[in-house]
1. Restricting attention to the range 37-91, report how many residues are among the small types (Gly, Ala, Ser) and assigned to a strand (DSSP E or B).
2. Could you say whether any residue in the range 9-19 is surrounded by 10 or more Cβ atoms within 10 Å (Cβ to Cβ), assigned to a helix (DSSP H, G or I) and either among the aliphatic types (A, V, I, L, M) or modelled with pLDDT of 75 or more (or both)?
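The values are calculated or read from the model by the stated rules, or taken from the named source; none is laboratory data. If you're wondering where the values come from, they're calculated on a predicted model, not measured in any experiment. FYI the Cβ positions are ideal-geometry reconstructions off the backbone, even for glycines, and counts take in every protein chain you see.
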Amino acid sequence: MALLLKYISKKVNASTLVEVLVASVLIIVIFSMASLTLNTLFKSSVKSNTMVIENELNKLYYLYQHEKIDNNYTADFNHWELSILKQKESAFNGMILQAKNAQTNNIITKKLNHEAAQ
C-alpha cells in the first residue's frame, strides 16, 4: 500500500494550457491548408476531365461512318456544342469533329483525313 501511495503522490509533468492551445491551432491550420489543397486538386481534375465528351465524339464518328447522321451535324450535350464539319482545303481534305463548351469556351477538335472519314 505504501508503494501505491508513493506512486500516486509522484508529480506528473504536464503541459500548460497555452502550449496545448498553440499545438491545437497549429494542427488545425495544417489540416485546413491540406484540405484546401486537396479540394483544389480534385476540382481541377474533375473540370479538366474530357473523357465523356471524347467518348461522345467517337460515338458521332461511328454514326457518321455508318451513315446514321450526315455532314454539318450539330447537337448539344451537357453544356457542349457538338458538330461535324466536312472540309476541303488545300492542306486538309476530310472531316472535323468539334466540341465546344458553352461555359468555359474549351474546344476539343478531332481531324480525320478523307480516307478515315469514308
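1. Here is the first cut: in the range 37-91, the ones among the small types (Gly, Ala, Ser) are 44-45, 48, 75, 83, 90-91.
Cutting the leftovers down to assigned to a strand (DSSP E or B) gives us 75, 83.
Counting residues in the range 37-91 that are among the small types (Gly, Ala, Ser) and assigned to a strand (DSSP E or B) gives 2.
2. Checking the range 9-19: at least one residue is surrounded by 10 or more Cβ atoms within 10 Å (Cβ to Cβ), assigned to a helix (DSSP H, G or I) and either among the aliphatic types (A, V, I, L, M) or modelled with pLDDT of 75 or more (or both).
One line per residue, one yes/no per condition, for (1) outside the structural domain of LYS86 (by TED's automatic domain parsing); (2) modelled with pLDDT under 90; (3) in contact with a Leu (Cβ under 6 Å, 6 or more places away or on another chain):
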{"site": "ILE28", "(1), (2), (3)": "yes, no, no"}
{"site": "SER35", "(1), (2), (3)": "yes, no, no"}
{"site": "LEU41", "(1), (2), (3)": "yes, no, no"}
{"site": "LEU57", "(1), (2), (3)": "no, yes, yes"}
{"site": "LEU63", "(1), (2), (3)": "no, yes, no"}
{"site": "HIS66", "(1), (2), (3)": "no, yes, no"}
{"site": "ASP70", "(1), (2), (3)": "no, yes, no"}
